[in-house]
1. Out of the residues in the stretch B:12-38 that are among the aliphatic types (A, V, I, L, M) and part of a loop (DSSP other than H, G, I, E, B), state the one that is surrounded by the fewest Cβ atoms within 10 Å (Cβ to Cβ).
2. What do you reckon, is A:E166 among the acidic types (D, E), farther than 15 Å from A:G220 by Cβ and out of contact with any Asp or Glu (no Cβ under 8 Å at 6 or more places or on another chain)?
3. Which condition does A:D373 not pass, out of (1) away from chain B (no Cβ under 13 Å); (2) touching a helix residue (DSSP H, G or I) at 6+ places or on another chain (Cβ under 8 Å), if it passes all the others?
4. I'd like the full set of residues that are touching a residue at least 24 places away in the same chain (Cβ under 8 Å) and more than 19 Å from A:E333 (Cα to Cα), limited to the stretch A:285-306.
5. Of the residues A:G368, A:G384, only one is in the same structural domain as A:N284 (by TED's automatic domain parsing) and in contact with a helix residue (DSSP H, G or I) (Cβ under 8 Å, 6 or more places away or on another chain); which?
6. Considering the stretch B:73-123 alone, what residues qualify as being without any contact (Cβ under 8 Å) to a residue 24 or more places away in the chain and touching a helix residue (DSSP H, G or I) at 6+ places or on another chain (Cβ under 8 Å)?
7. Taking the stretch A:395-414 on its own, how many of its residues are facing another protein chain (nearest Cβ under 8 Å) and part of a loop (DSSP other than H, G, I, E, B)?
8. List the number of the failed condition for B:L95; all other conditions in (1) of a type outside the set (S, T, Y); (2) away from chain A (no Cβ under 12 Å); (3) surrounded by 13 or more Cβ atoms within 10 Å (Cβ to Cβ); (4) farther than 22 Å from B:V127 by Cα hold.
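The values are calculated or read from the model by the stated rules, or taken from the named source; none is laboratory data. Worth saying up front: this structure is predicted, and the values here are computed from it rather than measured. Positions of Cβ are backbone-derived with ideal geometry, glycine not excepted, and every protein chain shown enters the neighbour counts.
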2 protein chains.
Amino acid sequence: MGKEKKEKNISAAVCITCGAEHESGDHTYTCTKCGGVLEICYDYRYIKSQLTREKLLNRKEYSLWRYLELLPIAEGSKLSPLRVGWSPLYRAEKLGKLLGLTRLYIKDDGLNPTASLKDRASAIAVVRAVHAGMTTVACSSTGNAASSLAGNAAAMGLKSVIFVPERAPKAKVTQLLIFGAQVISVQGTYEDTFRLSSVAIEQWGWYNRNAAINPYLSEGKKTVSLEIAEQLGFKAPDYVAVSVGDGCTIAGVWKGFKDLHALGFIETLPKLISVQAEGCCPVNRAFATGAPIAWMEENTLADSIAVGVPRNGEKALGAIRESQGLVVNVSDEEILAAMRLLGSTSGIFGEPAGVTGTAGLKKLAEQGLIPQDAVVVSLVTGNGLKDVVSAQKTAGSPLCIPPDLSVLTDVFDR
Amino acid sequence: MGKEKKEKNISAAVCITCGAEHESGDHTYTCTKCGGVLEICYDYRYIKSQLTREKLLNRKEYSLWRYLELLPIAEGSKLSPLRVGWSPLYRAEKLGKLLGLTRLYIKDDGLNPTASLKDRASAIAVVRAVHAGMTTVACSSTGNAASSLAGNAAAMGLKSVIFVPERAPKAKVTQLLIFGAQVISVQGTYEDTFRLSSVAIEQWGWYNRNAAINPYLSEGKKTVSLEIAEQLGFKAPDYVAVSVGDGCTIAGVWKGFKDLHALGFIETLPKLISVQAEGCCPVNRAFATGAPIAWMEENTLADSIAVGVPRNGEKALGAIRESQGLVVNVSDEEILAAMRLLGSTSGIFGEPAGVTGTAGLKKLAEQGLIPQDAVVVSLVTGNGLKDVVSAQKTAGSPLCIPPDLSVLTDVFDR
């Protein structure tokens, strides 16, 4: 592999638990001292010498690669080809009116290539894997992380090995197989699956795309915030509502705004709104009680955020606290209602976890906890086409009639 | 509704059957003389005075509204908010190598807001509906036209009424309901459904988004070609492969290139490759035999192009002939194989009709009918997440094992 080309913009990878500093590199995963999760730290003075707002505004690259100077990508790396990022930020007037918010926006990340925000993390993973000279990437997941890794790996010319528990929905496994992934269905629990993936990754030296281990993934996720700020004219919103499972996404969201703030590209920082499902809310519970994050059952239909042991929970908690944010839990019924609400007011079809942020925002707005004129962004993290079965629970039914106009007259001329 | 604001760029709506000229307007549908399908004709001299390539290149609007001067949209119309169009054009090196084509591109229109190319037509429909002072839009369809109309109508603040035959897949009906559409499930055949929709649209004066009737829809679809040409640096490709059902899409594809050619923005025109399913190929059969288009059964799993009576068939035939194009039919097995091929080589997941163009291209390339160094674009018209059931037929199976590393060793260290 020869001498590793370093990323000039990164200063260190710092453990969020013990504070130990590590060098960023191809084999930097968790803290070698205490096993804690690492956070990638940048040399903002160097970045400032390379990047200005004006320079950004003149770029024609409309994908996450627009922000290369702020990403953990070594110069000259081969970039992945799928168009990840630069998802639309919609002004949601009709929905805003219903919620009593005059400046509400929806960021629809379901329009990424494999239909979720996770593409942002997987794009970073496959580029770093190639840079490290690896030919196979791997992870364990039943959901969006898996499909985004498989899709981005295929486009990049990498092999992918995906470990899923045997209960994984057949539809999701199908998408993986179509992308040419080697799918290992493990006869056991998710924990068994995760453990097998870990030893196998170690054994065969594959590139590890488990968000529990790899500190570069949330750097990809942060690009959603870089975009939001740029789309608002280099301003941070006042609030950003995010659904939270493992915690990696909300931590990435915060990191993006902090980066821009450190560079002087935005003047303020938003408050984060962490939304979890009532049936699985270990991060929000820890925030509210001040107690450490403790295991919870995974009782929610929002499968993408049903994470009983959030491995990036501390990062998430730190982000919510630092932003002076809010937490709110929602029921599955409230999640399903948000799905209908987003669809019928805005033409956006989100999966359950994808609309959980909006469900939480609605709840807070109804309690009068969000100022009416605040600039609020609700992040939709995944496409509803990924989970039509859940949508069916709330969609209602069509009107079934014989092919007879007079029957319709009773309906439309009432 | 007051005096209708005219589109300054349109010269007439001409019947493709009898040649009669009509004025373009809010209530212009089919030919009032013979009932034929109309084609929208432009005043290219006027458009040239308004638009240059340089002007386009400097635009920051990355959606189909980038091309307003070339669209049937009256000045000052309220544009629809969903980000339709400007889908990625990927250089497909790996797939190209397999097909023996050195300059192959894939245009992925499955990344539109409701996950198909039909959004381009529905965006035009909802804007014209509002311009005409209407508050409800309607169509009959079981598929992508329906969901794109429902989604774009919701975002635009319009009501939508969608007629589906009772056999419509529940998953597709669900998407419509989430978008807040009034869905009428008709106890009868598709023909019964279409007829009921027609009389109901007449009765209640809704805006008609049936591609069989409304000549403005293929004007939206043509934007896919405007984008392809611009993404190639204002060059037409040598070939464009398109799946064909009703015929409206391939006619739109041709129109886009012709517009740019008439404006002098591109110097050449591509040959169209019309790909249909063996089990339902009335357009290709008519092209090959020279006989008129005649009804065929709808025997293919590619439901979005299973159209036995293609109402825009003549428009399609004219386009293929004028382009000196090719026709090719593919089996369902070839369609499914193309789905795997696109997924595993390029990370693109298309629905069956979405990858049919690629299946046909593969077949022609293998026969040596496409020059190796030709610039070829294969259009993917819809997202595979819309029809996971078909994908399951070809995806294969995961490897099922107990959580035991030694079993994996047999697999990976063979």
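1. Filtering first and then ranking leaves B:A20.
2. yes
3. Checking A:D373 against (1) away from chain B (no Cβ under 13 Å); (2) touching a helix residue (DSSP H, G or I) at 6+ places or on another chain (Cβ under 8 Å), the one that fails is (2).
4. Result: A:A286, A:F287, A:A288, A:I293.
5. Details: A:G368 fails: in contact with a helix residue (DSSP H, G or I) (Cβ under 8 Å, 6 or more places away or on another chain).
Exactly one residue qualifies, and that residue is A:G384.
6. B:P88
7. So the answer is 7.
8. (2)
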